[in-house]
Amino acid sequence: MSKLGELAVITIVVVSVVLCIQYTKRTYYGDDGVIITAKSKPMLNEVPVEVKAIIAVVHGILDDLLGWGADEEFQFTVSDKKQLKAAMDKMDGIPPLSSDILSADLQNAQDLLKVGVIREDLKAIQYAYRILNDLDITFNDYFGDKVWNYSLAGAGNGKNVEKVRKYLNLTDKG
């Protein structure tokens, strides 16, 4: 193949990848599992700086506690609970937002943190961590090695948001 042919193939691949990434950022799974376009998905410039900062700080706290496999060894020590409560306090400082999708993601993360701290529920803390990871990737250009798909407004397609909702409904009843 000629150099021009190779360049054309590379260009086509790069353009295809960029288009796929843009499509993924603007789509998500609906409640019925069907992929839909998220016209109301907030763009980077629509999220207040203080909300981006809260996402980064709380994700950082949870990353320190649970990241890189640390969740397998996690214990609800006094120090860990103190850090989790600091994360909860930060989440309480989120102002009202114009994006219902982002508001729902942040509310889910906040509710999960509360359940996790009150009940010493590691799974709830992990789910909150995953939501904030996906949001941090989108709104703070956090270079994460994994997209969890636990957020509608953040990175990924949101296919695990329904799992979060069901978990929160179960913890409300139990």
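Taken together, the values in this text are just the output of simple stated rules run on the coordinates, not laboratory data. All values derive from a computational prediction rather than experimental measurement. Using ideal geometry, Cβ is built from the backbone for each residue, glycine included, and neighbour counts are taken over all protein chains shown.
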Give Lys85/Lys163; Lys52/Lys163; Lys82/Lys159; Lys146/Lys166; Lys85/Lys123; Lys85/Lys114 a once-over and call out the pairs whose C-alpha atoms are over 20 Å from each other. Lys85/Lys163; Lys52/Lys163; Lys82/Lys159; Lys146/Lys166
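Counting Lys +1, Arg +1, Asp -1, Glu -1, what net charge surrounds Asn160 among other residues with beta carbon under 11 Å of its beta carbon?
Details: positive: Arg130, Lys159, Lys163, Arg165, Lys166; negative: Asp134, Glu162.
That sum, taken over residues with Cβ under 11 Å, equals +3.
Based on the alpha-carbon gyration tensor of region 69-174 and its eigenvalue square roots a ≥ b ≥ c, which shape applies: rounded if a/c is under 1.5, prolate if not and a/b is larger than b/c, or oblate?
Since a/c stays below 1.5, the shape of region 69-174 is classed as rounded.
Would you mind counting up the charge near Phe76? Only other residues with Cβ under 13 Å from its Cβ, with Lys and Arg at +1 and Asp and Glu at -1.
0
Say R0 is 35 Å: what FRET efficiency, to the nearest 0.05, do Ser79 and Glu162 get from their beta-carbon distance?
0.55
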Is region 93-145 best put as rounded, prolate or oblate by its Cα gyration tensor, with a ≥ b ≥ c the root eigenvalues, rounded for a/c under 1.5, and otherwise prolate when a/b is larger than b/c, oblate when not? oblate
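For region 89-158, which chymotrypsin sites (Phe, Trp or Tyr not before Pro) are both in a DSSP coil and crowded by at most 13 other Cβ atoms within 10 Å?
Numbers: sites: Tyr127, Tyr129, Phe139, Tyr142, Phe143, Trp148, Tyr150; in loops: Tyr142, Phe143, Trp148, Tyr150.
Of the chymotrypsin sites (Phe, Trp or Tyr not before Pro), the ones in loops of region 89-158 whose Cβ has at most 13 other Cβ atoms within 10 Å are Phe143.
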